[in-house]
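Working notes, structure below.
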Amino acid sequence: MSSTLLSRIQLEHGSMWINDDIRPLELGRRTWGFMTFHNFWLLINCSIATYLTGSALIPLGLTWWQAIICIVIGNIIATAALLVSSLAGAYYNIGFSVYSRTVWGVWGSQFVIWNRMFLSLVWSVLPVSEYGFQAWVGGQCVYCILLSWDPTLEQHVPNTIPADTGMTSAQFVAYVIFSVASLPLLWIQPHRIQKLFNVSSVVTLVFFVVLLIWALATMGPEGFGSTLGSKTELPLTGEPYSVVWLMISGIMTTIGSIAAGILNQNDFARLAKRPAHAIWGQALSFPIYSIFASVLGILVTAATQNRLGGEAVWNPPTLIAKLLEINGSAGTRAAVFFAGLALTISQIGANIPGNALAGGIDLAALFPRYINVRRGAYITALLSPIVNPWRLVNTATTFLVVLSGYSVFLAPMTGMMAASYLLVNKQKLLTEDLYRGDSGSIYWYTAGINWRAPVSWIVGVAPCLPGFIAAVETSITVPDSVAEFYSLNYVYSFISSATCYTLLHRIFPANDVDAFVTGTPDANETIYQHHMRWDTASESSAAAQHFVPRDAESMKQSRGAVVH
């Protein structure tokens, strides 16, 4: 019975290591130009999560201008890491999960993908999935729409949910509406998602600009609230909670909040029409919109603080709902409706590519015989409610602490990917061998695992673990030196793992990989030959043959000096 079921769901061109969605993309599916990457990062960074960045920095004791410095520096570093992480995808049109096979080995890469899936589906410390969390936030936006129709919604929808769950029945209904509304859009393939991006990005940008103008124009004589205070009682240096160390921690928090997106950016860079589209389309849009949304969040919160009795309300849906409580006029209700609608569209535009499709690509790499991107996206969405995203403590600070803290585990992987592509493989990849699960692949290493990778990963992770645990579980205390070291988490983990990985490959070289890298042709010719092979092969014939060279002569041409 089980074998019959599996045979029915097996993909037409799926095998143990490849299917049509994880093979290198041919010309027909490389459809992302400069504006597509621009719109992608506009949606990802002009989001509620980015808007809340200041709420993780200012409440700690930093002034508004110190928080902005952290945001700017953090985004510059994150942009550099993002671009380096996009190179393999931009030039070879392979995704994060497949490229990980060059770093960890064809079997060892499973560890990396499960870590990324762990982030997409469920947190280790808080019972919430990234997709589910964003869907829950989207439900809050739908809730604003429902409130605009009926300001007494909570009275008309009897609450049967216990208070300790962190939600009401009406809020849960809004969450279900958002989740169901998102499902049809998961059917869109990544290379055909431009129209969704175009609509969502315009709505999102217009909403955030209008929100800022409204907040500043209606601020009145009361002026900005204490959020824009210029004084801090913290010491400048000398302890983990001094200004200097908190600013360093703020920079790492800014980077960490997008660490998962940096790690798997090859999944989207591979869709680029040309490598320059991926590089410039991200180099400009990523920092601009991330800084813009973060600073906007600080300004809007400060501009609305006094009119809300001195309370700093960081979450936009909460802010909108409070405005309706203050003034229930027809004009306010209309404004709340359109604001809730714009935020809902924005959340859908960010959540589908950033989490659903990313999770779908990971699942397609884990189970390529049975799961493609579309199936994986639906599985990600359908599994997200079981981790109870509504139980997340309803503060942005807690969410961002965990989000940035998990970068301790992701930054070493990102560093090793960069070192592998630029220093170890020197931009030369034998893509056919990425889809071979035997010793004939140069990426087989030892029993399918490149032992240098887990050693390097541990070097990047282990020293930061005590600080990570203390940051998430505040009841645990650690020495000041440990807390200060943890403040450097992303930069330390990235650099240390990248360095260790490179040195281990120098001291204990992988012979087959080294022979291919040092042999002819050079990197430019290798990329050219890669496209000649994969762009001219049809999806069906290529997937059916697993893209493995069929004779010794073709193997020689592919590997250069590997086969003699």
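The values are calculated or read from the model by the stated rules, or taken from the named source; none is laboratory data. This one's a predicted model, so the numbers in the text were calculated from it and none came from an experiment. All Cβ positions, even for glycine, are placed from backbone atoms using ideal geometry, and neighbour counts span all protein chains on display.
Which residue, of Ala498, Ala515, is surrounded by 21 or more Cβ atoms within 10 Å (Cβ to Cβ) and out of contact with any Phe, Trp or Tyr (no Cβ under 8 Å at 6 or more places or on another chain)?
Numbers: Ala515 fails: surrounded by 21 or more Cβ atoms within 10 Å (Cβ to Cβ).
On inspection, the qualifying residue turns out to be Ala498.
Return a yes/no flag: does region 337-347 have any residue that is buried (at least 18 other Cβ atoms within 10 Å of the Cβ), under 17 Å from the mean Cα position of the chain (by Cα) and not in a helix (DSSP H, G or I). The answer is no; no qualifying residue exists.
For region 94-119, a residue qualifies if it is at pLDDT 85 or above, touching an Asp or Glu at 6+ places or on another chain (Cβ under 8 Å) and either part of a loop (DSSP other than H, G, I, E, B) or among the basic types (Lys, Arg) (or both), and exactly one does: Gly95. Contact map, region 50-64: residues that are buried (at least 21 other Cβ atoms within 10 Å of the Cβ) paired with residues that are among the acidic types (Asp, Glu), Cβ distance under 9 Å, separation 6+ or inter-chain. No pairs are found.
So, Val478, is that one in contact with a Pro (Cβ under 8 Å, 6 or more places away or on another chain), surrounded by fewer than 20 Cβ atoms within 10 Å (Cβ to Cβ) and of a type in the set (A, V, I, L, M) or not? Considered against the rule, which asks whether it is in contact with a Pro (Cβ under 8 Å, 6 or more places away or on another chain), surrounded by fewer than 20 Cβ atoms within 10 Å (Cβ to Cβ) and of a type in the set (A, V, I, L, M), Val478 comes out as yes. Just one of the listed residues (Leu11, Leu60) is within 29 Å of Ile348 (Cβ to Cβ) and hydrophobic (A, V, I, L, M, F, W, C), namely Leu11. Of all residues being touching a residue at least 24 places away in the same chain (Cβ under 8 Å) and in a helix (DSSP H, G or I) in region 150-172, which is surrounded by the fewest Cβ atoms within 10 Å (Cβ to Cβ)? Just the residue, please. The residue in question is Thr165.
If the condition is being farther than 14 Å from Leu271 by Cα and either touching a helix residue (DSSP H, G or I) at 6+ places or on another chain (Cβ under 6 Å) or surrounded by 24 or more Cβ atoms within 10 Å (Cβ to Cβ) (or both), then region 87-107 contributes Ser97, Val98, Tyr99, Ser100, Arg101, Thr102, Val103, Trp104, Gly105, Val106. Is at least one residue of region 310-333 β-branched (Val, Ile, Thr), in contact with a Gly (Cβ under 8 Å, 6 or more places away or on another chain), assigned to a helix (DSSP H, G or I) and in contact (Cβ under 8 Å) with a residue 40 or more places away in the chain? Yes: one or more hits. Being among the polar types (S, T, N, Q), buried (at least 17 other Cβ atoms within 10 Å of the Cβ) and out of contact with any strand residue (DSSP E or B) (no Cβ under 6 Å at 6 or more places or on another chain) is a description that applies to Asn351. Answer yes if at least one residue in region 402-414 is under 22 Å from Leu43 (Cβ atoms), assigned to a helix (DSSP H, G or I) and modelled with pLDDT under 80, and no otherwise. Yes - at least one qualifying residue is present in region 402-414.
Would you check if Ala293 is of a type in the set (A, V, I, L, M) and more than 19 Å from Thr204 (Cβ to Cβ)?
Working: of a type in the set (A, V, I, L, M): yes; more than 19 Å from Thr204 (Cβ to Cβ): no.
It is false that Ala293 is of a type in the set (A, V, I, L, M) and more than 19 Å from Thr204 (Cβ to Cβ).
In this structure, Phe197 does not satisfy being in contact with a Cys (Cβ under 8 Å, 6 or more places away or on another chain) and farther than 24 Å from Ile326 by Cα.
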